[in-house]
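Down below is the structure, laid out as structure tokens.
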Amino acid sequence: MSEAVRVLVVDDEALVRHALRAFIADDDRVTLVGEATDGSEVVGICEAAHPDVVLMDIKMREVGGVEATRRVLEWNPRCRVIALTTFTTEWRALEVLRAGACGYLVKNSTPEQIIDAIVAAHAGDRVVSPEVQERFVRAAIEAGSSQITDAPALSDRERQIIEMIAKGLSNAEIAQELHYAEGTVKADIRRINNEWNVENRLQIVLRATELGIISL
């Protein structure tokens, strides 16, 4: 079994920290190495705890999550930051993603979704809650951000994978649904990324929507 992902939780609400502590304790893939109540404390705790992934609230009293994300990545660019917040507006997500976060989850996500996101982020993926992802897609459509008209050739399996990505399923969940190895799913996603010249799951959904392959 691979070593558990080391997680730091940053949130000014004690109830949220307690819930995340319980979620993390219930899954052997992750381990809690520290907690902070404000972004001003983050770097000091990171230096002591050496987390792999930081779960970061956005709105905090002294230093908010956007600035705290920048500070974490200045401390260690290899550390992965996932924003975990109540905000679902796309501009909030863009703000923290531009600061260097690799993910954006809303606090009504299930424990499984949160833990899967931590593991995926540690593996190098970007993770965005489906409701926020849908807002990105709708905003891109309304802005007329692409003139693409020709859809590249896709296998039936690749189309199924894209549809499941749009629903917010993880690679492991997609593999289970399609009865394929997770490595096969990852290889298909890499091929889609290369074929479409995109970098992550959100961009796949945007492009698939522009091409009319999926609709939201």
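The values are calculated or read from the model by the stated rules, or taken from the named source; none is laboratory data. None of these values were measured; they are calculated from a predicted model. Neighbour counts run over all protein chains shown; Cβ positions are idealised from the backbone, glycine included. For accessibility, only protein heavy atoms count, side chains too; no ligands or nucleic acids. Shrake-Rupley method; radii C 1.70, N 1.55, O 1.52, S 1.80 Å.
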Discussion item. Just to verify a result, which residue in the range 165-184, among those that are in contact (Cβ under 8 Å) with a residue 40 or more places away in the chain and not hydrophobic (A, V, I, L, M, F, W, C), is surrounded by the fewest Cβ atoms within 10 Å (Cβ to Cβ)?
Written reply: Glu173
Item to complete: Working only within the range 20-71, note down all residues that are under 19 Å from the mean Cα position of the chain (by Cα), open to solvent by less than 40 Å² (accessible area, probe 1.4 Å) and hydrophobic (A, V, I, L, M, F, W, C).
Response: Leu20, Ile24, Val30, Val53, Val54, Leu55, Met56, Ile58, Val66, Ala68
Worksheet, complete the sentence: Considering residues that are at pLDDT below 90 and either open to solvent by 10 Å² or more (accessible area, probe 1.4 Å) or basic (Lys, Arg) (or both), the number found within the range 72-93 is 7
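For a quick check of your reading: which helices (runs of 4 or more DSSP H) sit entirely within the range 158-216 and have at least 3 residues that are more than 19 Å from the chain's Cα centre (by Cα) and of a type outside the set (A, V, I, L, M)?
Details: elements: 171-178, 182-196, 201-210.
Correct list: 182-196.
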Worksheet item: Which residues, taken from the range 185-202, are loosely packed, with under 15 Cβ neighbours inside 10 Å and farther than 21 Å from Ile118 by Cβ?
Response: Ala187, Arg190, Arg191, Asn194, Glu195, Asn197
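Just checking, does the range 112-126 include any residue being over 21 Å from Ala172 (Cα atoms), part of a loop (DSSP other than H, G, I, E, B) and either open to solvent by less than 60 Å² (accessible area, probe 1.4 Å) or β-branched (Val, Ile, Thr) (or both)? Quick ask: steps written out before the conclusion?
Here is the first cut: in the range 112-126, the residues over 21 Å from Ala172 (Cα atoms) are none.
No, the range 112-126 has no match at all.
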Worksheet entry | Count of residues meeting criterion [modelled with pLDDT of 95 or more and part of a loop (DSSP other than H, G, I, E, B)] in the range 47-71 | 3
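Just to be sure, is Ile45 over 22 Å from Ala93 (Cβ atoms), without any contact (Cβ under 8 Å) to a residue 60 or more places away in the chain and either out of contact with any helix residue (DSSP H, G or I) (no Cβ under 9 Å at 6 or more places or on another chain) or β-branched (Val, Ile, Thr) (or both)? Can you show your working first?
Working: over 22 Å from Ala93 (Cβ atoms): yes; without any contact (Cβ under 8 Å) to a residue 60 or more places away in the chain: yes; either out of contact with any helix residue (DSSP H, G or I) (no Cβ under 9 Å at 6 or more places or on another chain) or β-branched (Val, Ile, Thr) (or both): yes.
Judged against the criteria, Ile45 is a match.
Can you find a residue in the range 72-87 that is more than 23 Å from Asn171 (Cβ to Cβ), assigned to a strand (DSSP E or B) and hydroxyl-bearing (Ser, Thr, Tyr)? First the steps, then the outcome.
First, the residues of the range 72-87 that are more than 23 Å from Asn171 (Cβ to Cβ): 72-77, 85-87.
Filter once more, keeping what is assigned to a strand (DSSP E or B): 85.
Okay, now just the ones that are also hydroxyl-bearing (Ser, Thr, Tyr), so 85.
Yes: the range 72-87 contains one or more residues that are more than 23 Å from Asn171 (Cβ to Cβ), assigned to a strand (DSSP E or B) and hydroxyl-bearing (Ser, Thr, Tyr).
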